[in-house]
Amino acid sequence: MTEQETRPVVQEQNSHAISQESSPIDSEVKTVFHDPKNYNVKHPLQNTWTLWFDNPSKKPNAASWSENLKQIVSVNTVEDFWGVYNNIVKVNHLEVTTNYHIFKKGIRPEWEDPANAKGGKFSIQFPRNRTSETINERWLNLILHMLGEQFKYEDEICGAVVSVRKVFYRIALWIKSSEKNERIETIGRQLKGVLSVEKPVVVEFIPHGDSASKSGEKRFTI
């Protein structure tokens, strides 16, 4: 190859180098951890997740509860999630009877939704007088495990709910199945660790709606 044939390549490389040197700021990678406001890189989540909220003023029927359920926002990147989480009211400051729901996009936090219809939920109650300082951390840990697909059988996960009641907080993890088996029990044991559940608090599994036996035969604890 002659010098003339190689010269344009050298010129192009030099030109590219000059361009890089002249605008170092534009090429700087900034994540949300480096600059919470002016980051230029986002990390996609495996699924898109939707945050819901409801605050029933009295015991609702199915129709009024559904109408009261409000879709807030959907997120599909790590940065978008933190942008939302850092700007919403924390659980320990919510009013009594209110609920946050975070579910995979396309799944409504209702028993009747096709993704939930044959499933159930792991439910844990934490006394407010002893857990008001830790409930935010427990709820955040669960969200991060869901969004990060950290549950061993993440395909079973539909979403989670945190509820504020007069004497307790309740956190529930909703899954697609309701039959007791190793997959479901594994999720329950993992949830117990995520939420740092200690005796006498128990993790109870409750099938949804028509899937639930009136005698409670399908319920179990972890």
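For a quick protection proxy, order the peptides 126-135, 77-86 by their average other-Cβ count within 10 Å, most packed first.
Highest mean packing first, the order is 77-86, 126-135.
Residue by residue through region 171-177, what is 3J(HN,Hα) from phi via Karplus (6.51 cos²θ - 1.76 cosθ + 1.60, θ = phi - 60°)? Round to whole Hz and write x for glycine and proline.
Karplus values, whole Hz, x for Gly and Pro: 10, 10, 10, 8, 10, 6, 10.
What's the FRET efficiency of residue 198 with residue 150 using the Cβ-Cβ distance as r and R₀ = 25 Å, to the nearest 0.05?
After rounding, the FRET efficiency stands at 0.75.
What order, most packed first, do the peptides 179-186, 68-75 have when packing is the mean number of other Cβ atoms within 10 Å of each residue?
Order by mean packing, descending: 68-75, 179-186.
May I ask for the net charge around residue 90, where only other residues with Cβ less than 15 Å from the Cβ of residue 90 are counted and Lys, Arg are +1 while Asp, Glu are -1?
-1
Can you list residues whose amide H is under 5 Å from residue 30's amide H, if they're 5+ apart or on another chain and H is modeled 1.01 Å from N?
40, 41
So if R0 is 25 Å, what FRET efficiency would residue 35 and residue 105 give, r being the distance between their Cβ atoms, rounded to the nearest 0.05?
E(calc), rounded to 0.05, equals 0.35.
How much length would be gained if the chain were fully extended between residue 67 and residue 97, taking 0.36 nm per residue of separation minus their Cα-Cα distance, in nm to one decimal?
Full extension from residue 67 to residue 97 adds 9.2 nm.
Taking the Cβ of residue 136 as the centre, find all other residues whose Cβ is under 13 Å away and add up their charges (Lys, Arg: +1; Asp, Glu: -1).
Summing Lys and Arg as +1 and Asp and Glu as -1 gives +1.
Output wanted: per-residue J couplings in Hz (rounded whole) for region 185-197, from phi through Karplus 6.51 cos²θ - 1.76 cosθ + 1.60, θ = phi - 60°, x for Gly and Pro.
5, 5, 4, x, 5, 5, 4, 4, x, 4, 8, 6, 7
Given points 7 Å out from each Cα along the Cα-Cβ axis, report the residue 136 to residue 166 separation in nanometres with one decimal.
2.6
None of the figures in this text is laboratory data; all of them are computed from the coordinates on show. Small disclaimer: the values here were computed from a predicted structure and weren't measured. Glycine also receives a Cβ, built like all others from the backbone with ideal geometry; neighbour counts cover every protein chain displayed.
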